[in-house]
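Worksheet: the structure to be examined is printed underneath.
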Amino acid sequence: MHRHYYAETHRPLSHQELDKQTAFHEAGHAAAIYLLNKQKQLPPVYFEIQINKPNTAKQHFSAKVIDGLLLNDLPSSILEDLSHPDLHSYQCAYEADVINLLVGPLAEAKYVSIRDDEIFKLNLINPKALHNYGGYSDVERAYDHLKAFISNSTQQEQKMTELLKEAYRFVDNRENWKCILNLAQYILDCGQTKITCEDVSSVFDRCIA
């Protein structure tokens, strides 16, 4: 899941703060993939978090969730090839994927709101606003999922609004936020270049216990 900023819309950040925002963004994706899919009784999905820590002052910290979506590379003709029972299963999967994509920038937005002593409210957030929290490519990919199943643009926006609300509720949940917070710290502190699903599970088990 590629994290992308519009430089012209984002204020200059110290390396330390940008590192933290990156960690919360990727921790949000991982939490949704692991916890929300489990809550929805969807199949487990393999993913890992790749980390690149700087060796010199000119290099930058980066982290990225690899894989984690139930559906990848959706063909434009997918609706023509599915029976009715298949459509229901695919709808559950694509909705979960869209939520997972949106939770990353939402988690970053919540961290920034706490850091800056600002309000984190759903009525202040829309898909375009998530571009300011590394969410440009996440939102684009979420729309790609919607377009594969919903041809009408108005209905696409209605579904996006519905799933954005669900993603917001996930991030704003106290227990989920605790998991995101602890995983973000683990991403920043660990000396690993790769965090596996098992590592993520162990972090969350400690939070929930």
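The values are calculated or read from the model by the stated rules, or taken from the named source; none is laboratory data. Quick caveat: nothing in here was measured; it's all calculated off a predicted structure. Counting neighbours? That spans all protein chains shown, and the Cβs are built from the backbone with ideal geometry, glycine included. To get the accessible areas, we keep the full protein, side chains included, count just its heavy atoms, and leave off ligands, DNA and RNA. Shrake-Rupley method; radii C 1.70, N 1.55, O 1.52, S 1.80 Å.
The table below gives the values:
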{"read-out": "Criterion: modelled with pLDDT under 75 and open to solvent by less than 80 Å² (accessible area, probe 1.4 Å) - qualifying residue of Leu42, Leu35, Leu69, Leu82", "value": "Leu82"}
{"read-out": "Hits in the stretch 130-165 - residues which are of a type outside the set (Ser, Thr, Tyr), over 24 Å from Thr22 (Cβ atoms) and part of a loop (DSSP other than H, G, I, E, B)", "value": "Ile150, Asn152"}
{"read-out": "Residue list for the stretch 89-134, restricted to those being farther than 15 Å from Arg169 by Cα, of a type in the set (D, E, K, R) and over 17 Å from the mean Cα position of the chain (by Cα)", "value": "Arg115, Asp116, Asp117, Glu118"}
{"read-out": "Selected residue (criterion: most open to solvent (accessible area, probe 1.4 Å)) from residues of the stretch 149-180 that are of a type in the set (A, V, I, L, M, F, W, C) and touching a Phe, Trp or Tyr at 6+ places or on another chain (Cβ under 8 Å)", "value": "Phe149"}
{"read-out": "Residue among Asp144, Asp138 that is under 16 Å from Leu101 (Cα atoms) and touching a His at 6+ places or on another chain (Cβ under 9 Å)", "value": "Asp138"}
{"read-out": "Hits in the stretch 98-143 (condition: among the aliphatic types (A, V, I, L, M) and surrounded by fewer than 17 Cβ atoms within 10 Å (Cβ to Cβ))", "value": "Ile114, Ile119, Leu122, Leu124, Ala129"}
